[in-house]
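Working notes, beginning with the structure itself.
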Amino acid sequence: MFEFGDIRLRPIEREDLRILHEWENDFEVTMYSRNMPINFVNMYQLEKRYEEWVKDEREQHFIVEMVDSKEAIGIARLEREDWANVRSADVGTYIGKKELWGKGYGQQITVALLEIVFNQLNMDRCEASSVEYNVRAHKVLEACGLRKVGVARQSAFVNGRKWDRVRFDILREEYLKIRMELLKKTLNDKLGTYIEKHCTIRE
């Protein structure tokens, strides 16, 4: 498990599929998380998907939960890939508890993923993407240091029209330049505890 401020990222367990079933069948949640709102899944399909996640060592799926209450609020995903000897990660997240949208948790989860990518896995770069109407997600990614690097034109069809998919990325050296500033802004008074736990080695 990976604690970061108010949240904790932990592996998805089979018993979590019940709440995933609720989120994965919520029109608004899936419209913003994957631009596929009419993609409802039953429990059997979720169980099959879970079995695939368990077998795939390149991809990790996390439940995001509150540290204090252990309440699940969303999921996060990290997929590792090597292309021409460059170690890359593709990340994504969504908050299933819609009452928590706009509360700053998206940025906290994104910085937590960047910490895993660069400070724990030693990756060279990280990328993410989001459909063009998800302006809130774009602001979060840019606030975390990712840059808009391209557009897959008219690659999504939602609510009667085609939309572009916007791609973002950040290099390891770029993240390291802004890392402490991001950690301070995201963790506030919990920064010291995090630094002690995740950034130092005890002899």
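The values are calculated or read from the model by the stated rules, or taken from the named source; none is laboratory data. Computed from a predicted model, the values in this text were never measured in an experiment. Methodologically, a virtual Cβ is constructed for each residue, glycine included, from the backbone with ideal geometry; neighbour enumeration extends over all protein chains shown.
Looking only at the stretch 22-53, which residues are hydrophobic (A, V, I, L, M, F, W, C) and not in a helix (DSSP H, G or I)?
Correct list: 36, 38, 40, 41.
Check 41, 29, 86 and return the single one that is of a type in the set (Val, Ile, Thr), surrounded by fewer than 17 Cβ atoms within 10 Å (Cβ to Cβ), over 25 Å from residue 182 (Cα atoms) and in contact (Cβ under 8 Å) with a residue 12 or more places away in the chain.
Unique residue meeting the criteria: 41.
Which one of the conditions (1) loosely packed, with under 11 Cβ neighbours inside 10 Å; (2) farther than 20 Å from residue 104 by Cβ does residue 184 fail to meet, given that it meets all the rest?
(2)
Collect the residues in the stretch 99-111 that are surrounded by fewer than 13 Cβ atoms within 10 Å (Cβ to Cβ) and not in a loop (DSSP other than H, G, I, E, B), keeping them in residue-number order.
99
Among the residues in the stretch 92-103, are any within 16 Å of the chain's Cα centre (by Cα), modelled with pLDDT under 95, farther than 19 Å from residue 25 by Cα and not aliphatic (A, V, I, L, M)?
Yes, the stretch 92-103 contains at least one residue that is within 16 Å of the chain's Cα centre (by Cα), modelled with pLDDT under 95, farther than 19 Å from residue 25 by Cα and not aliphatic (A, V, I, L, M).
Kindly indicate the residue of the stretch 129-147 that is under 14 Å from the mean Cα position of the chain (by Cα) and part of a loop (DSSP other than H, G, I, E, B) and also surrounded by the most Cβ atoms within 10 Å (Cβ to Cβ) among those meeting that condition.
144
Looking at the stretch 50-59 only, could you name the residues that are closer than 10 Å to residue 12 by Cβ and out of contact with any Lys or Arg (no Cβ under 7 Å at 6 or more places or on another chain)?
53, 54
Hey, can you tell me all the residues within the stretch 67-93 that are part of a strand (DSSP E or B) and either touching a His at 6+ places or on another chain (Cβ under 7 Å) or closer than 16 Å to residue 111 by Cβ (or both)?
73, 74, 75, 76, 77, 78, 89, 91, 92, 93
In this structure, does residue 191 turn out to be at pLDDT 95 or above, surrounded by 12 or more Cβ atoms within 10 Å (Cβ to Cβ) and either over 20 Å from the mean Cα position of the chain (by Cα) or within 21 Å of residue 112 (Cβ to Cβ) (or both)?
Judged against the criteria, residue 191 is not a match.
Only one of 190, 177 is farther than 25 Å from residue 81 by Cβ, part of a helix (DSSP H, G or I) and out of contact with any helix residue (DSSP H, G or I) (no Cβ under 7 Å at 6 or more places or on another chain). Can you tell me which?
It is 190.
Pick from 165, 172, 179: which is touching a strand residue (DSSP E or B) at 6+ places or on another chain (Cβ under 6 Å) and among the basic types (Lys, Arg)?
165
Hey, any hits in the stretch 55-62 for a residue that's modelled with pLDDT of 95 or more and hydrophobic (A, V, I, L, M, F, W, C)?
Yes: the stretch 55-62 contains one or more residues that are modelled with pLDDT of 95 or more and hydrophobic (A, V, I, L, M, F, W, C).
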